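First up is the structure itself, then whatever we jot down about it.
The values are calculated or read from the model by the stated rules, or taken from the named source; none is laboratory data. Since the structure is predicted, the reported quantities are computational estimates derived from the model, not experimental observations. No Cβ is skipped: glycine too gets one built from the backbone with ideal geometry, and neighbour counts run over all protein chains shown. The area values use the complete protein model at the heavy-atom level, side chains included, leaving out ligands, DNA and RNA. Shrake-Rupley method; radii C 1.70, N 1.55, O 1.52, S 1.80 Å.
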Amino acid sequence: MHYRLSKDKILFNIIAYTFLMAFTVCCLLPFLFVLSGALSSERSILEHGYSLFPREFSLSAFRTLLAMPGDILNAYGVTVTITVLGTAVGLFITAMAAYVLQRKCFPHRNAFAFFFYFTTIFEGGIVPKYILMIRYLDMKNNLLALILPLLINVFYIIIIRSTISSSLPNSLIESAEIDGAGEFQIFRKIVIPLSKPILATVGLFMALEYWNDWFNAMLYVDQKSLIPLQYYLYKMLSQITMLRELVSKVPQMTAVTPPEESFKMAMTLVTIGPILLLYPFVQKYFVSGIMVGAVKG
Amino acid sequence: MRRNTKRNQVLLLMILPAVLYFIIFAYIPMTGIVLAFKNYNYIDGIFLSPWNGLKNFKFLFSGGKIFRVAWNTLAYNTVFIAVNQSLQIITAVFLTEIASKHFRKFSQSAIFLPYFISWVIVGGFIYNLFNYEYGTLNSFLSAAGKNPVDMYSNVGAWKYVLVFVNAWKWVGYGSVIYLAAITGIDKEIYEAASIEGAGKFRQIFSITLPLIVPQIVTLILLDVGRIFKGDFQMFYQVTGNNPLLYETTDVIDTFVVRSLLQLQDVGMSSAAGLMQSVINFVILISVNAVVRRTQRDYALF
């Protein structure tokens, strides 16, 4: 009896650890490949291709990166600006709407909730949105074009609303009301300080979306000074294919050299860098955010 | 009473920014679906451009591409649901059952990491792996004395690549919900089962899985509600928008964006977009109606 149990356990452990180990390795390997590429000498990549460990160690890619930081710094600046502005403004508007929606004294609050929710059920699609942005709002090459499309998300309103109404005792708000506090005052002095964890969590989700966005840049921006980091990287990575086509069509174009292979990998690392650095500290917020969303969304 | 009106005015003012936002960026674009029935030109804009009946749809269907693209979208999403949900459940079960706390933490962090990476970076990973001249795959192959593989002329292989990449990106995220569900199961049930002589596998199949069925059903239904929506960013970045691969990797969303940006065909792309929105809407409403009838608690709205 006891023997059968332990055999069962051993078999389970073999399967579970093998599966998790393989999955873990799959998730980490691409990062190692990129790191190795960034630390390899250009010659060894051209000769042997990318590898798990650098065949010939070199920091030249990072040296090139430091030598020409103008564009890259600018792209970083754009990304940081849209991330900070978008998250701050978006979170403020989202939290206010969430607060109002959970106020029982607010008439038609269900109608307002439906007004928000309906936008997730039926969408006009990308084409009308694109034409609205370009033709009617004049957003081509406007920094706002990188901020507005991601500013407010209905699910975040729902999550914050349910968290406020389940974690803040109604009596607290009512007693503030009796003391003569206005609605905005209650929101600012009581609701915000007491909802910090959920606001931090939602704020991180928003910030990640802004940090990783390239799609809106592709649609609305071609001016160099407005290109955010991810789109900058995308353009650099896809340049090789473009250049190759050009070279095959125009013979004298051979003089143009595409970015070096190791440089591309170094640039990729620079783009993920901040996320990898922050990851250990913010991971738990995302985990709790997903769970809150699953329960309440 | 006066104080109440004042209060409501302030509340209305506080919700106003969000309301305006959705009017401008969701409801006005909804009226833009008329574009599907218009011969759009920039000067006349959305509402003054001349009507042209069903011409855009005729053009869309006569190309025949839309059928392939619609089929790709459905087929990919179906496989994604099956593969991802299974892997998420397996991952969550294994993570909760293994004894080593350190490995659990490390492994969970590693598996969750891809969620944080933009699709551009994933595109960079794919480039690093599959690039014909310098890719890691081919350096391994040549080191092993095998011939290099040109992935970009191997159209069929990308189906598997996409399924793999999609699982790689989302399973960590998706398993969090199952982890929470499994952690919530009463430990005494397992203790009782173990005293009765039930082994690990028996416990998983007779306790864990049956008890997380509600979560499984809900998550699958959520996915089914989105089954006609392709993940534009993934398909675009993983394939590098490579025309050679359209046959097996083009979905409605990439088709619409390409028709809009590259062909500048507003009529056809908005016809395709409208078709997608309507089908999405119908699917979502039907899924919700079924859930309401069978398991009220899990209805979305």
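Per-structure values
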item	result
Using a Förster distance of 25 Å, the FRET efficiency for A:F114-A:L172 (Cβ separation, nearest 0.05)	0.35
Computed lengthening from B:K101 to B:L13, 0.36 nm per intervening residue step minus Cα-Cα distance	26.7 nm
Exercise: per-residue mean of other protein chain Cβ atoms within 10 Å, A:213-224	2
Euclidean distance between Cα centres, segment B:83-105 to segment B:207-248, Å	20 Å
Chain B: most fluctuating residue of B:D231, B:D186, B:D253 per GNM, C-alpha cutoff 10 Å	B:D186
Violating pairs (Cα-Cα greater than 29 angstrom) within the set A:K235/B:K55; A:K129/A:K264; A:K235/B:K229	A:K235/B:K55; A:K129/A:K264
Segment B:98-255: projected area of the alpha-carbon convex hull, averaged over directions, in nm²	12.8 nm²
Solution diffusion estimate, µm²/s, Stokes-Einstein, segment A:1-145, Kirkwood Rh from C-alpha pairs, 20 °C, viscosity 1.002 mPa s	96 µm²/s
Principal axis dimensions, segment A:40-105 - Cα atoms, whole angstrom, descending	71, 28, 14
Sulfur and carbon atoms: percent of accessible area, the protein assembly as shown [1.4 Å]	67 percent
Over the protein assembly as shown - Rg/Rh using Cα atoms and the Kirkwood inverse-distance radius	0.98
Cα-based equivalent ellipsoid, segment A:106-161: semi-axes from gyration tensor eigenvalues, Å	26, 13, 10
Segment B:134-228: relative contact order as a whole-number percent, Cα under 8 Å and 6+ apart	19 percent
Prolate/oblate/rounded label for segment B:30-101 (Cα gyration tensor, a/c 1.5)	prolate
Distance between segment A:6-67 and segment A:71-113 - C-alpha centres, whole angstrom	38 Å
Compactness of segment B:1-151, expressed as Rg and Dmax over alpha-carbon positions, Å	26.7, 86
Within a Gaussian network of chain B (alpha carbon springs, distance under 10 Å), most fluctuating of B:L141, B:L162, B:L209	B:L141
Partner chain coverage, peptide A:101-110 - average Cβ within 10 angstrom	3
Accessible area per residue, Å², chain A with all protein chains present, probe 1.4 Å	48 Å²
Accessible area buried, both sides summed, chains B and A with 1.4 Å probe, Å²	9300 Å²
Accessible heavy-atom area order of B:K6, B:K38, A:K129, highest first, probe of 1.4 Å	B:K6, A:K129, B:K38
Protection proxy ranking, peptides A:279-289, B:74-84, average beta carbon neighbours within 10 Å, highest first	B:74-84, A:279-289
Under 5 Å, built H, 5+ apart or other chain: amide partners of B:K38	B:N52
Shape of segment A:115-193, Cα gyration tensor, a/c cut at 1.5	prolate
D_trans [Stokes-Einstein, Kirkwood Rh over alpha-carbon pairs] for segment A:69-158, 20 °C, 1.002 mPa s, µm² s⁻¹	140 µm²/s
Chain lengthening between A:F53 and A:N141 when straightened (0.36 nm per residue, less Cα-Cα)	27.6 nm
Net charge over other residues, Cβ less than 13 angstrom from the Cβ of B:W51 (K, R count +1; D, E count -1)	+1
1.4 Å probe, heavy atoms, protein only - residues of segment A:273-297 losing at least 10 Å² accessible area vs chain alone	A:I275, A:L276, A:Y279, A:Q283, A:F286, A:V287, A:I290, A:M291, A:A294
Taking the C-alpha atoms of chain B, convex hull volume expressed per residue in Å³	239 Å³
Mean Cβ neighbour count within 10 Å, used as a protection proxy, ranking B:214-226, A:217-229 highest first	A:217-229, B:214-226
Taking N as its residue count, the alpha carbon Rg of segment A:78-123 over 2.2 N^0.38 Å	1.47
Over chain B, relative contact order from alpha-carbon pairs under 8 Å, at least 6 apart, %	26 percent
Fluctuation leader among B:A92, B:A157, B:A18 - chain B, Gaussian network, Cα springs under 10 angstrom	B:A18
FRET efficiency for B:E191 and A:V80, using Cβ-Cβ distance with R0 set to 45 Å, rounded to 0.05	0.30
Too-long pairs where the Cα-Cα distance tops 19 Å, listed order kept, from A:K104/A:K196; A:K284/B:K200; A:K9/B:K169; A:K7/B:K101; A:K140/A:K224	A:K104/A:K196; A:K284/B:K200; A:K9/B:K169; A:K7/B:K101
Aspartates and glutamates with Cα under 16 Å of B:K58, excluding same-chain neighbours fewer than 8 positions away	B:D265
Modelled label reach - B:N39, point 7 Å along Cα→Cβ, segment B:252-293 residues with backbone N closer than 16 Å	B:265-268
Overall form of chain A per C-alpha gyration tensor (a/c, 1.5; a/b vs b/c)	oblate
Accessible area per residue in Å² at 1.4 Å probe, computed on segment B:1-72	62 Å²
